[in-house]
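The values are calculated or read from the model by the stated rules, or taken from the named source; none is laboratory data. Because the structure is predicted, anything quoted here is derived from the model rather than measured. All Cβ positions, even for glycine, are placed from backbone atoms using ideal geometry, and neighbour counts span all protein chains on display. Side chains included, ligands, DNA and RNA excluded: accessible areas come from the protein's heavy atoms. Shrake-Rupley method; radii C 1.70, N 1.55, O 1.52, S 1.80 Å.
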Amino acid sequence: MSAPEIRVFNTMQQDKVPLRPLTPGKLGVYVCGPTVYSYIHIGNARTFTSFDTIVRYLRFRGFDVKYVRNFTDVDDKIIKAAHETGEDPIQLADRFVKEFERDVGQLRLLKPDVSPRVSETIPEIVALIEKLVSRGVAYESKGDVYFEVRKYDGYLKLSKRKLDDLMTGGGEREIVHEDQKRDPMDFALWKAAKPGEPSWPSPWGAGRPGWHIECSAMSAKYLGESFDLHGGGLDLIFPHHENEIAQSEAASGKTMCECWMHGGFLDLEGAKMSKSLGNVVRLRDALQQVDAEGLRYFFLSTHYRQALAFGEKALHDAEARVEYFYETLKKVDERVTGKDFGTGPLHVDPAKYLGEFDQAMSDDFNFPGALGALSGLFAEMNLLTDKPPVKDKALVGRTLVALRDVATKIASALGLFESVPSEWLLGRRDRQVKSKGLDAARIEEMIKARNDARAAKNFAESDRIRAEAKAMGVEIMDSPAGTTWKVAS
Ligand SMILES: [Zn+2]
């Protein structure tokens, strides 16, 4: 059975379209990365997790993916933050690149193949601006260089807006340096140097790039003038991605990108996700509250294009779900590890679950559908370990091994369950013990006393201890491998 064709919602077409690589078997993917003036925002963490999962799945399907995600390390916000701390702006940005990598590493985000920075791409940026000036779509004005939006016919084709509506509607973007522009909607490609700001030499004097030009220069440098997929949050459609398209296509005369993908907002208590709203919750703060894998699972619980409500209960439920998956894996591992069940038929065909997973992910990367396939697979493994519907132990064992193998494949395409189950479960238990103020040593003593009572066939005492533990919020579990405990959730 061959895997289904992948269809992707393309913002340009406002529809799901078949994914057709420009070069068979290869895909160039560009995702707008963070502006590194602070710790990564939880909303950005969702967007990057979505694209990480999409890249993982494309590789799972055998594509040779080149994944580029930039760092904006030259920007007004960085300069402002650096002035506040007295640091050099480039150094401050470098510090937050490291903090970013540390935080998203916990979410198991793959390192992109290339993570270019503005400060390292200045020659390409300057060359691109020169090209736009020579083509007559950009002009210099008092050391700044602006893109002249009315000289480029395709402007606003992604967001389906109209220039004249934007002009009268206003409010959506800051109109600055109006006296220097031919049209208030023209946007800066290059900004003349101001005292105390990082700057580089250029044909228009010392200055620094505007925000949008970096993505046009970097994507062309690493993926070529035309590439396959471009991703980012919904808030980037306008002006950022419109401006990228204008710059790239006016310079090359080619279609910049075949498919534009946009991730939905993370809704923090009803407030739309936006750095400028000031309602900032950092990924690092969130990771104090919830396990990183629980958070990743929470992000995947909703389609990447949908809004996702960030809330305590949903996070708690996600972590409990991850616990269930790890408990199942641990149980299955205990059952099958080191055993030979011979060859022969299987009780269920694991390909069924792989097929469901592919079906979901091929349909515009339906993450909840993919988790649904995983849930079905885990329910099957639970059934086979707890209440096997057939007596043939070798048949059950073989089936469990095959299901476990498929579970591992699916999980790694989603960036989940890469920890050793027993270690993850102990880590969760430690966090719960701490947050509920339990005494782990006391619980271990109770379990020992209960084991002694059981050995002495004093079942009244062993039941009493179990009940005492339960009253403390601790669940004692007996299995062939011995007695363990967990914090009841
Ligand atoms: Zn960008």
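Structure notes:
- Nearest 10 degrees, 0 to 90: helix 459-472 Cα axis against the chain principal axis: 20 degrees
- With both labels modelled 7 Å from their Cα along Cα-to-Cβ, the Lys391 to Glu445 distance reads 4.9 nm.
- Histogram of C-alpha separations across the chain, 10 Å bin width, %: 4, 17, 24, 22, 15, 9, 6, 3, 1, 0
- The value obtained for region 438-487, namely the Cα convex hull volume divided by the number of residues, is 65 Å³ per residue.
- Carbon plus sulfur fraction of accessible area for region 309-421, probe 1.4 Å, in percent: 57 percent
- Length available on full extension from Met472 to Lys80: 0.36 nm per residue minus the Cα-Cα distance, which gives 136.0 nm.
- Distance between the C-alpha centres of region 2-25 and region 202-249: 22 Å, rounded to the whole angstrom.
- For region 7-289, the relative contact order is 25 percent, taking Cα pairs closer than 8 Å that sit 6 or more residues apart in sequence and dividing their mean separation by the residue count.
- Rounded FRET efficiency, nearest 0.05, which uses the C-beta distance separating Ala314 from Arg59 and R0 of 35 Å: 0.75
- Value of D in µm² per second that Stokes-Einstein yields for region 201-325, Kirkwood Rh from Cα pairs, at 10 °C (1.306 mPa s): 92 µm²/s
- Calculated accessible area for region 251-387 comes out at 44 Å² per residue, all protein chains present (probe 1.4 Å; ligands, DNA, RNA ignored).
- Lysines with Cα under 20 Å of Lys330, excluding same-chain neighbours fewer than 8 positions away: Lys339, Lys387, Lys393, Lys409, Lys486
- Once you reduce region 362-385 and region 45-70 to the center of their Cα atoms, the two points are 20 Å from each other.
- Alpha-carbon Rg/Rh ratio, for region 357-464, with Rh computed the Kirkwood way: 1.13
- Full-extension gain in nm, Thr483 to Lys194, via 0.36 nm per residue minus C-alpha separation: 97.2 nm
- Take each peptide in 203-213, 430-440, 380-390, 289-299, count the other Cβ atoms within 10 Å of every residue, and average; sorted highest first, the result is 289-299, 203-213, 380-390, 430-440.
- Against the main long axis of the alpha-carbon atoms of the chain, helix 213-223 sits at an angle near 60°.
- Using C-alpha pairs below 8 Å separated by at least 6 residues, the relative contact order for the chain is 16 percent.
- Averaging Cα coordinates gives a centre for region 440-482 and one for region 133-163; these two points are 73 Å apart.
- For region 120-219, the spherically averaged projection of the C-alpha convex hull amounts to 7.0 nm².
- Asp183/Lys131 FRET efficiency (R0 22 Å; Cβ-Cβ; nearest 0.05): 0.60
- Placing pseudo-labels 7 Å out from each Cα toward the beta carbon at Thr408 and Thr337 gives an inter-label distance of 1.2 nm.
- Where only alpha carbons of region 79-162 are counted, the Rg and the Dmax (Å): 18.2, 47
- Additional length obtainable on full extension of the chain from Ala379 to Asp463, 0.36 nm per residue less Cα span: 27.3 nm
- For the chain, the longest principal axis of the alpha carbon atoms and the long axis of helix 76-85 meet at an angle near 70°.
- Accessible surface ranking that places the most exposed of Lys181, Lys157 first, with a 1.4 angstrom probe: Lys157, Lys181
- Site pair Asp15 and Asp164 shows an inter-label distance of 2.8 nm when each label is modelled 7 Å from Cα along Cα→Cβ.
- Square roots of five times the Cα gyration tensor eigenvalues for region 7-76, Å: 26, 14, 12
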